[in-house]
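A.B. asks: Take this structure first; my questions come after.
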Amino acid sequence: MSGFLKRNVWMVVSVGAAFLLSVSAVRAQAAPTVFLWPEGSPTLKGAAEKEVTTPPAPQPGQRINSIVNVHNPSIEVRLPKNSTGPVAAVIVAPGGGHRQLVWGSEGSDIAEWLNGMGVAAFILKYRLAFTPGYQYTVEGEALQDTQRAIRIVRSRSTEWGVDPTRVGIIGFSAGGALAALANCRFDRGKSDAADPIERQSSRPDFVSLVYPGWDPKTELVPLKDSAPAFITSAGSDDVFHARQSVEFFSSLFKLGIPSDLHIYGHGGHGGGIKPRNGIPFGTWHVRMQEWMADLKLLPPR
């Protein structure tokens, strides 16, 4: 092999190795995690227990599909790259029937999609009502975690480069119940609270409910100042969630709260934003992007 060829081969190998190392370094950098409650908080009942993920013991950069046994709730911070000026922020509440968190398709994938639109994402790891051995409830600990996440994002808006007046939430299935509850049971901040985070408003500025579902006995009554909503579900093969979607939209409509409702003929339940073999329900996220643009939640092109 000639000296010239050797030098060029070495250059290609060196550049390729450097690229692989840089990719590995990026993958190894875990997204920052912020715990919702201070250590020793009376609301924490099993903080010493370990969460269980699927796959177990994931390697840096490896996709986590689901999480159970959540006792120390948190948000995973995912900020868009190269953003200029304060951006909108979205709390992402994965579903899982309050038994697990579908962290991959309804958490990480959604954060990546939002970041691609120039929106900050905060994946919510909330306590699960059906955690064995604990008495967590949807309207208790899970809703408290959701409200706390909204307050924290507002309290650290300057640090994270987000607009505190454009903080919303998207919830999937069981997470959709939390998004709906957050839009019905909020306060404008507790001005006399010793904890400065609790002085922040827990009202979302916009909400998105994707194939949402809740216990029919849950009282969901929007207020006249509840936020606008984007609501979507498949219809004929996900009747329960479609019906609740329509009912919640109707309750907002009666109060004159501008909202979008998209019920598709079929498409099943779950799946996040994965392709759905060309069926219309596979485009719900495009409709949501249009809705967000209409509300001036996306950076200008």
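The values are calculated or read from the model by the stated rules, or taken from the named source; none is laboratory data. Just so it is clear, the structure is predicted and the values come from calculations on it, not from any experiment. Positions of Cβ are backbone-derived with ideal geometry, glycine not excepted, and every protein chain shown enters the neighbour counts.
A.B. asks: Can you tell me which of (1) crowded, with 23+ Cβ neighbours inside 10 Å; (2) touching a strand residue (DSSP E or B) at 6+ places or on another chain (Cβ under 6 Å) is the one residue 86 doesn't meet?
C.D. replies: (1)
A.B. asks: What residue, among those in the stretch 184-195 that are touching a Lys or Arg at 6+ places or on another chain (Cβ under 8 Å) and at pLDDT 95 or above, is surrounded by the most Cβ atoms within 10 Å (Cβ to Cβ)?
C.D. replies: Top of the filtered list is 186.
A.B. asks: Does the stretch 243-252 include one or more residues that are over 24 Å from residue 98 (Cα atoms) and either exposed (fewer than 14 other Cβ atoms within 10 Å of the Cβ) or not polar (S, T, N, Q) (or both)? Walk me through it before giving the result.
C.D. replies: If we filter the stretch 243-252 for residues that are over 24 Å from residue 98 (Cα atoms), which is where we start, we get 250-252.
Among the residues that remain, those that are also either exposed (fewer than 14 other Cβ atoms within 10 Å of the Cβ) or not polar (S, T, N, Q) (or both) are: 250, 252.
Yes, the stretch 243-252 contains at least one residue that is over 24 Å from residue 98 (Cα atoms) and either exposed (fewer than 14 other Cβ atoms within 10 Å of the Cβ) or not polar (S, T, N, Q) (or both).
A.B. asks: Kindly provide the set of residues from the stretch 214-242 that are more than 16 Å from residue 281 (Cβ to Cβ) and surrounded by 19 or more Cβ atoms within 10 Å (Cβ to Cβ), ordered by number.
C.D. replies: Correct list: 214, 222, 226, 227, 228, 229.
A.B. asks: Can you spot a residue in the stretch 157-168 that is part of a helix (DSSP H, G or I) and β-branched (Val, Ile, Thr)?
C.D. replies: yes
A.B. asks: Now for a different question. Could you say which residue among 168, 176 is in contact (Cβ under 8 Å) with a residue 24 or more places away in the chain, surrounded by 16 or more Cβ atoms within 10 Å (Cβ to Cβ) and in contact with a Leu (Cβ under 6 Å, 6 or more places away or on another chain)?
C.D. replies: 176
A.B. asks: Among (1) out of contact with any Phe, Trp or Tyr (no Cβ under 6 Å at 6 or more places or on another chain); (2) closer than 15 Å to residue 67 by Cβ; (3) of a type outside the set (Gly, Ala, Ser), which single condition is residue 106 missing?
C.D. replies: Only one criterion is unmet by residue 106, namely (1).
A.B. asks: I've got another one for you. Can you go through 150, 110 and tell me which one is buried (at least 23 other Cβ atoms within 10 Å of the Cβ), over 27 Å from residue 217 (Cβ atoms) and either charged (D, E, K, R) or within 14 Å of the chain's Cα centre (by Cα) (or both)?
C.D. replies: Going through 150, 110 in turn, just one is buried (at least 23 other Cβ atoms within 10 Å of the Cβ), over 27 Å from residue 217 (Cβ atoms) and either charged (D, E, K, R) or within 14 Å of the chain's Cα centre (by Cα) (or both): 110.
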